[in-house]
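Here's the structure, in structure tokens; my notes come after.
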Amino acid sequence: MGMEERQQEAGPAAGRLAGDQRRRAAGISVRIHASAELACQAVAEEVLELVARKPSAALGLATGSTMVGVYAAMVEALLDRPGALDAVRTFNLDEYLDLPPGSPSSFRAFMDAHLFGPCGLSEHQVSFPCPPSSPALTSAAEPIGREFEAAIERAGGLDLQLLGLGRNGHIAFNEPGSGMDSRTREVELAPKTRADAAATFGSLEAVPFRAVTMGVGTILEARQIRVLALGAHKADVVASLLAGASGLGLPAAYLAGHADVCLHLDAAAGSRLSAG
Ligand code: GLP
């Protein structure tokens, strides 16, 4: 759609495969799948291929409705491979601050329901940037996120980071205005982000104002990054991202130029891109 797009084939197998279009735009490899289900399966396969190659992989995990299908595909694929995730370490991108204890809306609860529980991950395997019911910690003596970043380092760095995409271009909870070198820290949520989370919490008033997020700089250190965006409501942000937006205004644009980043889309999320 008049978008400046550098279209290159991603490799010999790439091109106009039925239902799986590949291109490259604004420094990001893109795969457009015929359906959300196929997109989720492709991402799940990439994670499981990594784990097959490296059973002790350090996985950066994401939450949000986009990830439900990815984790469901992983759980299904692992049904006949119990124990396949026994040696992985996982690091989640973010968590809300100020939730009531035991809140079903925490990202920890999401992960327990969709992946950790069904795949039997143990407590010692999983890390979050803060516990689900932490109060805001701005004045804490130990800067929030330091231990989390140290744990990622001890695990040898992230082998693969999964990411969703906020409608305002955020990755994790790195809202517009976040710096490219930002590290794990406490952040204030953008009004659009809180509005998008209202359905999960039952009302806008119940959505926390603050969270702790992995930083952009932390994310960019992952060896592989796989981003997934599904649905027509993501089509505008995807089009802006691939038109070459700036990272300061649209944090996902910081991913451009990462050595191994791929954006997986379903047809609806890719519907505002020019044909090709
Ligand atoms: C939240 C999370 C992000 C996620 C985004 C998109 O803001 N912090 O990591 O990518 O939601 O959510 P959904 O997948 O529900 O669209």
**Asked** Residues that are small (Gly, Ala, Ser): which helices (runs of 4 or more DSSP H) entirely in the range 55-155 hold 3 or more of them?
**Response** 65-77
**Request:** Looking for whichever is within 16 Å of the ligand (Cβ to nearest atom), on the phi < 0 side of the Ramachandran plot and at pLDDT 95 or above here; the options are LEU61, LEU50. Which one fits?
**Result:** LEU61
**Complete:** Every listed condition ((1) within 15 Å of the ligand (Cβ to nearest atom); (2) over 17 Å from the mean Cα position of the chain (by Cα)) holds for ALA211 save (2)
**Prompt:** Out of curiosity, is ALA252 assigned to a helix (DSSP H, G or I), touching a helix residue (DSSP H, G or I) at 6+ places or on another chain (Cβ under 6 Å), crowded, with 21+ Cβ neighbours inside 10 Å and small (Gly, Ala, Ser)?
**Reply:** yes
**Item:** Condition broken by GLY217, with the remaining ones in (1) more than 15 Å from the chain's Cα centre (by Cα); (2) without any contact (Cβ under 8 Å) to a residue 60 or more places away in the chain satisfied
**Value:** (1)
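Going by what's in this entry, would GLY69 be described as within 17 Å of the chain's Cα centre (by Cα), of a type in the set (Gly, Ala, Ser), within 16 Å of the ligand (Cβ to nearest atom) and on the phi > 0 side of the Ramachandran plot?
Working: within 17 Å of the chain's Cα centre (by Cα): yes; of a type in the set (Gly, Ala, Ser): yes; within 16 Å of the ligand (Cβ to nearest atom): yes; on the phi > 0 side of the Ramachandran plot: no.
So GLY69 does not fit the description; no.
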**Residue satisfying all of: in the range 153-174; surrounded by fewer than 21 Cβ atoms within 10 Å (Cβ to Cβ) and closer than 20 Å to VAL261 by Cα; nearest to the ligand (Cβ to nearest atom) among these** = ARG167
**Prompt:** Of the conditions (1) crowded, with 21+ Cβ neighbours inside 10 Å; (2) under 16 Å from the mean Cα position of the chain (by Cα); (3) more than 14 Å from the ligand (Cβ to nearest atom), LEU242 fails just one. Which one is it?
**Reply:** (2)
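The values are calculated or read from the model by the stated rules, or taken from the named source; none is laboratory data. Values in this document were obtained by computation on a predicted structure and should not be read as measured data. Because the Cβ atoms are built from the backbone with ideal geometry, glycine has one as well, and the counts that use them run over all protein chains shown.
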